[in-house]
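Undergrad: Handing you this structure, nothing more for now.
Just so it is clear, none of the values below were taken in a lab; they were calculated from the coordinates. Since the model is a prediction, treat every value here as computed from it, not as a measurement. All Cβ positions, even for glycine, are placed from backbone atoms using ideal geometry, and neighbour counts span all protein chains on display.
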Amino acid sequence: LPSFVLAAGLLAIGAVVYRANSALEINLVFGFFTTMTAALMMTVCYSIMISSPLESAKGITLLLMAPWLPLLGVSIFHLTALLSPEEPLATLDRWLLRPYYLVSILFAIIGVLAFILDDSALSQPLNWPYLRFVTFGTLFAVVWGVGSLAWTFFRTSSRRTRHQTGLILLGLSAMMVLLVPFGVVFLSSKSGPAYFSSIPYLVLGLVLVMAY
């Protein structure tokens with residue numbers, strides 16, 4: 001249920017922001033990010049609901065997860081770049097954005113091929129680069145995005161921009177405090193405290209802050 005509520009909430013927030021002014025680049029990127037994240041959450045929800053997810057959810061996973069995971073990092077990078085207009089990072093962001101998208105699309109194609117060729121001799125050589133790019137590409141985007149937002153917060157002379165970046169950084173900091181113990185418990189395969197089931201709702205709150 002939490003994953004489904006998060007997915008539905010993300011779709012609703014993305015639709016509202018996009019409809020508010022579809023001509024704005026930031027609204028388009030935000031809509032793409034929320035739609036893609038909602039698709040990933042729906043994959044989690046579907047996998048929990050069925051009895052044998054690895055077999056039954058293959059088509060759903062191919063549609064909702066495999067092509068989009070490599071684009072998660074670049075969408076975060078693009079979104080934080082639009083929220084960080086201060087130089088020299090703004091120029092560097094623009095210079096990196098197109099190659100980042102091209103490489104992400106390439107790995108999205110690799111991921112789809114690896115998924116289609118599952119259990120074949122070609123699947124393993126495609127899987128490892130795909131998973132590594134998803135992991136390190138997203139990590140790079142998050143670290144770069146937080147750094148860009150912090151740089152903008154301290155350097156900008158615009159009160160509105162400082163207010164925006166400050167709210168997002170505060171939300172991200174709160175999420176990190178909650179997600180670090182969640183990751184430790186997840187990797188140890190042990191059951192965590194009850195508040196872990198509320199994390200999807202907190203993520204939805206962070207997205208609402210970004211939309212605001």
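Undergrad: Between ALA8 and TRP95, how many nm apart are label points set 7 Å from Cα along the C-beta direction?
TA: With each label placed 7 Å out from Cα toward Cβ, I get 4.7 nm.
Undergrad: Additional query: At 0.36 nm per residue, and after removing the present C-alpha to C-alpha distance, how many nm does the segment from HIS163 to VAL16 gain when stretched out fully?
TA: The HIS163-VAL16 span can extend by a further 50.8 nm.
Undergrad: Here is a follow-up. Pulled fully out, how much extra length does the chain show between PHE136 and LEU28, if you take 0.36 nm times their separation in residues and subtract their Cα-Cα distance?
TA: The PHE136-LEU28 span can extend by a further 36.4 nm.
Undergrad: What is the pair-distance distribution P(r) of region 69-147, computed from all Cα-Cα distances in 10 Å bins starting at 0, with each bin given as a whole percent?
TA: Per 10 Å bin, starting at 0, the Cα pair percentages come out as 20, 44, 23, 11, 2.
Undergrad: Across region 12-22, in residue order, what do the Karplus-derived ³J(HN,Hα) couplings come to in whole Hz, using 6.51 cos²θ - 1.76 cosθ + 1.60 with θ = phi - 60° and x for Gly and Pro?
TA: My calculation for region 12-22 gives 5, 5, x, 5, 5, 5, 5, 5, 4, 6, 5 Hz in order.
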